[in-house]
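Novice: Quick one: the structure is below, questions incoming.
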Amino acid sequence: MSVVIVILILLLIAFGFYFLFVRHRYVKKLDVAVRRAQKSEQLKSVFIENISRTLRSPLNAIAGSCNTILEEKGDNMQPAQVRKLVTDISDNSKELLEFVKELHEMSKFEGITPSFTFIEVNLTELMASYRREAMNYTKPEIAVRVTSDLSPHCRAILDTNLMHQLMMHLLTIAARHVTEGDIFIRYSCERRGLKVSISYTGIEQTEHVSGDILTILKEDDALKDAGKSTSFGLAISRAIVDMFGGEFYLDSGQDKKNVATFWFPCQMKDIYKDI
């Protein structure tokens, strides 16, 4: 009888430890979700405020120029003055259109409310598509090359939308800063995940990944010329990698060799098939 009681006590103790373990695990997940939701709300507020501030400047300039033309009598307006006002209107209109274009590109990033849609893809074909797209942004004398030690049949399960955003941000930055040689994309399997490096020789990266998107957006001119901002593109890239639960780092050496590398856990199949 005593043996049965001892077994029951041990089972109760084991169940208690298991319950505490499960509770701790889910409390930790809940805490992460709450902090992510709080950060998302901050991000939305700062993003909207920054959009308003960025739009206000060219709109005010356009309105001011139009009011000057309307308030002045035709006889008092000099041709040179008219040309200057019309030029100001045209320049600010172009700035607005460019910003709307950049805003559309940024809206594709779903970092505020991330949702994953994982599908199985052939990595060779996927990287080849990134290479073809990146060639549209590079100078004629610059080539984009893809290398890997993986099988051409290797497949990976990932979110192709976020992966495309990540790769094109990094490749666009590389195309903008490369000065000689080619841009190299190398991908491999490491620690049960996908590792990708984009390397090139060019202008040394001075805008390192020093802050997250919220920190970048708090800057007054964060959204102005965002498409040309290395820091903004790198911040988005790091945010996407973080969403995947991975690692992101940038190495900018004294020999002008720049290497952007990221890794994230990823289920991969046929890694070395027929090699």
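Read the figures in this text as sums done on the coordinates, not as results from a lab. None of the values given here were measured: they were computed from a predicted structure. Cβ coordinates were reconstructed from backbone atoms using ideal geometry, including for glycine residues, and neighbour counts include every protein chain displayed.
Novice: Please say if region 123-175 is rounded, prolate or oblate, where rounded means a/c under 1.5 for a ≥ b ≥ c the square roots of the C-alpha gyration tensor eigenvalues, and otherwise the choice is prolate for a/b larger than b/c and oblate otherwise?
Specialist: Working: a/c = 2.69, a/b = 1.43, b/c = 1.88.
Note, shape of region 123-175 comes out oblate.
Novice: Which entries of K139/K195; K195/K269; K139/K269; K195/K273; K139/K256; K195/K256 have Cα-Cα distances beyond 25 Å here? Numbers along the way, then the final one.
Specialist: Details: K139/K195 27 Å; K195/K269 15 Å; K139/K269 35 Å; K195/K273 18 Å; K139/K256 18 Å; K195/K256 22 Å.
Cα-Cα > 25 Å for K139/K195; K139/K269; rest within.
Novice: Taking amide H positions as placed in the peptide plane 1.01 Å from N, state which residues far from K256 in sequence (5 or more) or on other chains have amide H under 5 Å from it.
Specialist: Hits under the 5 Å cutoff: none.
Novice: Rounded to the nearest 0.05, what FRET efficiency do K94 and T160 have when you use their Cβ-Cβ distance and R0 = 35 Å? Intermediate values should be presented prior to the final figure.
Specialist: Working: r = 33 Å, r/R0 = 0.95.
It comes to 0.60.
Novice: Now, a different point. Run the quick spin-label model on R56 and A14: label points 7 Å from Cα toward the beta carbon, then report their separation in nm to one decimal.
Specialist: 6.6
Novice: Net charge within 12 Å of C66 by Cβ-Cβ distance, Lys/Arg positive one each and Asp/Glu negative one each, not counting C66 itself?
Specialist: Numbers: positive: none; negative: E71, E72, D88.
Net charge in that neighbourhood comes out at -3.
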